[in-house]
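The values are calculated or read from the model by the stated rules, or taken from the named source; none is laboratory data. Keep in mind it's a predicted model, so treat the numbers as computed, not measured. Don't worry about glycine lacking a Cβ; one is built from the backbone with ideal geometry, like all the others, and counts go over all protein chains shown. Ligands, DNA and RNA are excluded from the accessible area calculation, which covers all protein heavy atoms including side chains. Shrake-Rupley method; radii C 1.70, N 1.55, O 1.52, S 1.80 Å.
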Amino acid sequence: MPNLSEEERNKLKSGIQDEVVALSEIHPFLCIEVGTGAGKSWMLIRSIDKDKSGKKWLICVPEIAQIENFRGEITKFGYEHLYLDKIEDIICYASLKNYRNKAFNIALNEVQNLSDERFNIVQTMKYKRIIADSATIPYDIKYKLDQLGEFYTYSLPLKEGIELGLLPKPKIYLIEVDIDSITEKFEYTKF
């Protein structure tokens with residue numbers, strides 16, 4: 001793993017983010033599969049800003065707290081103008097049922113939360129573009145996405161992100177377990 005300075009790490013991260021935003025201008029259906037800390041929210045915000053489809057975006061996040069986090073990111077980066085002309089709303093996946101048959105582009109943050117029921121609702125929507133993101137996208141979710149459109153996937157696996165020096169190396173903690181207390185639970189008497 002290269003020992004990058006903060007400036008070098010930010011330059012690398014910015015280059016990856018710029019690449020993803022450029023891909024969003026080419027591919028109407030985009031999966032962003034990069035590790036936590038690479039700036040997926042920033043990539044999505046900039047991609048929405050660059051969008052020329054004419055449709056507003058519905059941003060789906062897993063939990064209520066993430067709605068406020070996402071709004072905070074929009075404010076932090078100075079993109080509040082998106083609320084006027086490009087973002088319809090930021091909602092939890094649980095509220096997706098209120099948008100059945102509506103016409104919006106869709107951003108699926110942490111797309112692994114796209115259950116079968118939510119997928120069925122998205123299928124009813126009239127969209128031109130979908131951006132889906134997660135650190136890792138399970139095969140069954142990729143299969144669902146392929147039914148919604150022809151997705152281009154930008155992938156930066158965790159291992160590669162660590163090797164590039166973009167993402168920090170994970171810390172692994174060893175937790176010791178007292179085997180004796182567990183063994184006693186499994187003792188039995190042979191007759």
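Worth a mention:
- Computed 3J(HN,Hα) for the range 72-83, one whole-Hz value per residue from the Karplus formula 6.51 cos²θ - 1.76 cosθ + 1.60 where θ = phi - 60°, is x, 5, 4, 5, 4, 8, x, 10, 4, 4, 5, 5, glycine and proline marked x.
- Taking only protein heavy atoms and a 1.4 Å probe, the accessible area of the range 51-116 is 49% carbon and sulfur.
- Extending 7 Å from the Cα toward the beta-carbon at both Lys52 and Asn101 defines two label points whose distance is 3.3 nm.
- Built amide H within the under 5 Å cut-off of Leu58, gap 5+: Glu88, Asn105, Ile106, Ala107
- One quarter of the convex hull surface built on the alpha carbon atoms of the chain amounts to 16.1 nm², the projected area averaged over directions.
- A simple count of charges around Glu117, restricted to other residues whose Cβ falls under 13 Å of its Cβ and scoring Lys, Arg +1 and Asp, Glu -1, yields +3.
- Rounded to the nearest 10 degrees, the angle from helix 139-148 to the longest Cα principal axis of the chain is 20 degrees.
- Formal net charge of residues neighbouring Lys169 (Cβ-Cβ distance under 14 Å; K, R +1; D, E -1): +1
- Accessible area in square angstrom per residue, the chain, 1.4 angstrom probe: 60
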